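The values are calculated or read from the model by the stated rules, or taken from the named source; none is laboratory data. Owing to the predicted nature of the structure, the values given are computational and were not obtained by experimental measurement. So basically every Cβ, Gly included, is an ideal-geometry build from the backbone, and we count neighbours across all protein chains shown.
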Amino acid sequence: MDTASDNNMPSSESINRYLEGKLNRTLPQESSDSLDAPISAAEIQRIVTRLKGGKCPGPDGLPAEYYKSYSDVLTPHMESLFASLRDGDKLHPHTLSATISVLKKPGKDDADVRNYRPISLLNTDLKILAKIMATRLAPLLPAFIHADQVGFIPGREARDATTRVLSAIGLAKRTHTGLLLLSTDAEKAFDRVSWRFLFSVLARLGVGGYFLSWLEALYTNPTARVKANGALSETFRVRNGTRQGCPLSPLLFALSLEPLLESIRLNPSIAGIQGHTSEHKVSAYADDLLFLLSSLATSLPAVVQTLEEYGTLAAYCINRAKSEFLGISLDHSSISYLRRSYSFRYCPDRMRYLGVWLASSTRLLHDLNFLAILLSFRTDMAAWTGGLLSWFGRIAVLKMNLMPRLLYLFNALAITIPLSFFTALRSELLKFVWPRGCPRVGFAVLCRPKASGGLALPDPRKYYLACHLARVVEWSGIGRERRWLDLERALTDRPLWTLPWLPPPRPTAQRADPDPMSATLHIWHTRKISLGLSSSRSPLLPLSHNPELLSGILPSLRARMTDSDRLQAIDLPPGGNLELSPRSIQLGPLSYLEQFNFYQLKSYLRSLNCSFSLSRPLLPFERLCQAGHPLTRGISTLYGMIMSTDTEAPSFEARWERELGFSISPDQWSKTYTLVHKGSSATRIQETSFKLLSFWYKTPSLLHSIYPSTPSECWRCAQDTGTLSHIWWSCPRIKGFWCEVQDAICQVTDVKLPHTPECFLLF
Ligand SMILES: [Zn+2]
């Protein structure tokens, strides 16, 4: 590489010596081949169609839209370009140039240059190549990157890290283990990664030569210009760092971090917190590292030394003054020792981590995160209420700006949230949608899907339930390793997958706090029946690992019913006839011991007195748990499942039927709802349609019944009582208008519509 001439760079030999023993897995040949395969036209086109439009282009000024519109013409050229890179050609310097824009980090001092985040604006063709490489590399990462690292790895999310810390805090408090949470701030980590280190890591993993040559093409002599306040700097050469804004860079960063994390895991001087089967020492989300440390006198110096050793080789630098620590069950003397000996910032009761506040109790977690977001909603909504937003606009603000922030918290912090929070939230939201006067449409109607007469506003409480239910499904999961499962398992005496299907365990004297496991379990047991998710006993009742079945199950008997080590009621042979089940016959006649054990099992099942519940077909939620594979779009699926339990029609349906004097079929209603939202692309017309549909407008007769001093007559003709059907349909002053509409439609489309109010107002 070009940077070889730099004298202060560590040599490849010292890097390789360091990597020895820290990266033991290599890519299987077929994965390495798939990374190296020539880039096909189809692959390029797949990426081009997925490019996001509306983005700032790189220095060549060609935006994604250009590549999308002319993809047929451009694809063959890109194909031959990428093929030539594979043969060692270099990219044109102009292709490799980038404009660096700086964004200020919110809430930080704007006079300090370190508080600006540089974002590289790359040329789109470069991005296409990087995206193709990222798409090839990403699926291989979970096998290489330990579950401690969750950022940007397919199938892992930030909440895997946050939930894990909550359980660790709860566990430390319950076992009275002094635990230090140390969150380190790496100085511009993405931009500093040493290329030599990165290439050594990739080579060690067995990444193929062609993939590396593409990577070299991307990283050889790139140049950049900084754009600040509209002015461009001189061009300069970039010598290290993965580029922020490049889709490949977080994946490369994750790979280059893995040796550090492995050396922490392997270091016997560093003590973490013991889970059910393994020790937990560190959690990583991109460059956000969180250490979970006990035995501080030895652990902390070892961590600092490990970081320094890695730092000199990989050009990774920790900013100590910006790194923070929070003590859990730590005594005063340890804390004052830490403050004396290390320059890390001390957080007395709270610490910011991945967008949430960590604290040492459920109550504090609730106040710092959820009460705080309620307050910030109040301020934000006050800023939005300027009279400039339409009614639909307000709902869009809730959906796009406020709700995602709240939903992230529900996801990240699996704690119990009191009902009072949701009541307060709901009244805030309604006050924002209707700043003057009372709500004209119920909150439940607003939250219904659009196809069922609502406006698809996320219902916070149901979303919160869905987040907990997703965890119930994950407890049953097989395969994907999530580190928090191991810590939650340490908080209970039985396997997590059995918990939902057994009666709730008796509360023990020493409860953990926070305790995501118990929070989820409590919500599950109080909601499973009302939400139609399961019954009090289910076919998924565990027969192995079941504390109610005192005799236990012989492994040889279990093998007659299932392959897995989990035996459940659903695995019982039909009619309880083990003698007739083909699986059991294959294994030969039952031994006396097995026979006796089977009788014990049967007598236990009889004692439960619920043979129907145990043999009924599985409900949809139970099927998800039984399938055991990770849910794609899990929380939306579960949210939809909860929403579908609300089968009550919006009250305005019955009101319309009373007004019109006949009943309207559900089919017709759903057509009406489609028409309301899709009949016109103009928001104003959609809004008026919905307002008419939902009896938003108050008629004179209604106003008269509330305020007797106001006249009840129609304000147009002043002859008849102003009921809804008069105002919108039968008033003599408006009749002519509807006739004109009818004629106009007839002239344009040759369709003679029936002259009825339902046809013109609803259908
Ligand atoms: Zn009238």
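Scanning the stretch 430-480 for residues that are part of a loop (DSSP other than H, G, I, E, B) and within 23 Å of the chain's Cα centre (by Cα) gives ARG448, PRO449, LEU455, ALA456, LEU457, PRO458, ASP459, SER476, GLY477, ILE478, GLY479, ARG480. All of (1) in contact with a strand residue (DSSP E or B) (Cβ under 6 Å, 6 or more places away or on another chain); (2) exposed (fewer than 15 other Cβ atoms within 10 Å of the Cβ); (3) among the hydrophobic types (A, V, I, L, M, F, W, C) hold for LEU550 with one exception: (1). The number of residues in the stretch 1-24 being in a loop (DSSP other than H, G, I, E, B) and either at pLDDT 85 or above or closer than 30 Å to LEU266 by Cα (or both) comes to 9.
If the condition is being more than 6 Å from the ligand (Cβ to nearest atom) and crowded, with 16+ Cβ neighbours inside 10 Å, then the stretch 714-724 contributes GLY722, THR723, LEU724. If you check SER730 against the conditions, is it on the phi < 0 side of the Ramachandran plot, surrounded by fewer than 17 Cβ atoms within 10 Å (Cβ to Cβ) and within 15 Å of the ligand (Cβ to nearest atom)? When the stated conditions are applied, SER730 passes them. Scanning the stretch 594-626 for residues that are basic (Lys, Arg) and closer than 30 Å to SER644 by Cβ yields ARG616, ARG623. Inspection of the stretch 745-752 finds a residue satisfying the criterion of being away from the ligand (no atom under 16 Å from the Cβ), surrounded by 11 or more Cβ atoms within 10 Å (Cβ to Cβ), more than 29 Å from LYS450 (Cα to Cα) and without any contact (Cβ under 8 Å) to a residue 60 or more places away in the chain.
Of all residues in the stretch 388-415, those that are in contact (Cβ under 8 Å) with a residue 40 or more places away in the chain have Cβ atoms under 8 Å from Cβ atoms of residues that are among the hydroxyl-bearing types (Ser, Thr, Tyr) and surrounded by fewer than 17 Cβ atoms within 10 Å (Cβ to Cβ), 6 or more apart or on another chain, in SER390/THR683; PHE392/THR683; GLY393/THR683. Consider the stretch 310-325 and keep the residues that are touching a helix residue (DSSP H, G or I) at 6+ places or on another chain (Cβ under 7 Å) and modelled with pLDDT of 90 or more. The one that is nearest to PHE253 (Cα to Cα) is TYR310. Looking across the stretch 581-620, the residues that are surrounded by 17 or more Cβ atoms within 10 Å (Cβ to Cβ) and among the small types (Gly, Ala, Ser) come down to SER581, SER584. Within the span defined as the stretch 274-290, one or more residues are surrounded by 15 or more Cβ atoms within 10 Å (Cβ to Cβ), in a strand (DSSP E or B), at pLDDT below 90 and not hydrophobic (A, V, I, L, M, F, W, C). Only residues that are more than 24 Å from GLU308 (Cα to Cα) and loosely packed, with under 14 Cβ neighbours inside 10 Å were counted in the stretch 320-335, giving 3. The residue list THR688, THR674, THR637 contains one member that is away from the ligand (no atom under 16 Å from the Cβ), under 46 Å from the mean Cα position of the chain (by Cα) and surrounded by fewer than 13 Cβ atoms within 10 Å (Cβ to Cβ), which is THR674.
Exactly one residue out of ALA217, ALA189, ALA203 is at pLDDT below 85, more than 32 Å from the chain's Cα centre (by Cα) and of a type in the set (Gly, Ala, Ser): that is ALA217. Residues that are among the charged types (D, E, K, R) and part of a helix (DSSP H, G or I) were ranked within the stretch 182-237; the one that is surrounded by the most Cβ atoms within 10 Å (Cβ to Cβ) is ARG196. Every condition in (1) without any contact (Cβ under 8 Å) to a residue 60 or more places away in the chain; (2) surrounded by 16 or more Cβ atoms within 10 Å (Cβ to Cβ); (3) under 28 Å from LEU375 (Cα atoms) holds for ASP513 except the one numbered (1). Restricting the stretch 67-119 to residues that are of a type in the set (Ser, Thr, Tyr) and touching a Ser or Thr at 6+ places or on another chain (Cβ under 9 Å), the residue that is nearest to ARG225 (Cα to Cα) is THR99. Looking at the structure I just gave you, is THR49 part of a helix (DSSP H, G or I) and under 29 Å from the mean Cα position of the chain (by Cα)? Against the criterion (part of a helix (DSSP H, G or I) and under 29 Å from the mean Cα position of the chain (by Cα)), THR49 qualifies. Being acidic (Asp, Glu), within 25 Å of the chain's Cα centre (by Cα) and modelled with pLDDT of 90 or more is true of ASP160. For ALA372, the conditions (1) surrounded by 14 or more Cβ atoms within 10 Å (Cβ to Cβ); (2) among the aliphatic types (A, V, I, L, M); (3) at pLDDT 90 or above all hold with the exception of (1). Here is a check on your reading of the model: is SER611 touching a strand residue (DSSP E or B) at 6+ places or on another chain (Cβ under 6 Å), more than 30 Å from CYS467 (Cβ to Cβ) and small (Gly, Ala, Ser)? Spelling it out, it is not the case that SER611 is touching a strand residue (DSSP E or B) at 6+ places or on another chain (Cβ under 6 Å), more than 30 Å from CYS467 (Cβ to Cβ) and small (Gly, Ala, Ser). Do the conditions hold for GLU659, that is, is it assigned to a helix (DSSP H, G or I), modelled with pLDDT of 85 or more and not aromatic (Phe, Trp, Tyr)? In short, no.
Inside the stretch 347-369, residues that are crowded, with 17+ Cβ neighbours inside 10 Å and in a helix (DSSP H, G or I) make up a count of 5. THR756 - would you say it is over 21 Å from GLY437 (Cβ atoms), away from the ligand (no atom under 16 Å from the Cβ), touching a residue at least 60 places away in the same chain (Cβ under 8 Å) and surrounded by 12 or more Cβ atoms within 10 Å (Cβ to Cβ)? No: the conditions fail for THR756. Considering the stretch 25-46 alone, what residues qualify as being in a helix (DSSP H, G or I) and modelled with pLDDT under 90? Within the stretch 25-46, GLN29, GLU30, SER31, SER32, ASP33, SER34, LEU35, ASP36 qualify.
The single residue among LYS131, LYS127, LYS173 that is among the basic types (Lys, Arg), buried (at least 22 other Cβ atoms within 10 Å of the Cβ) and in a helix (DSSP H, G or I) turns out to be LYS127.
Restricting attention to the stretch 109-123, does a residue exist that is assigned to a strand (DSSP E or B), at pLDDT 90 or above and buried (at least 22 other Cβ atoms within 10 Å of the Cβ)? So far as the stretch 109-123 goes, no, none of its residues is assigned to a strand (DSSP E or B), at pLDDT 90 or above and buried (at least 22 other Cβ atoms within 10 Å of the Cβ).
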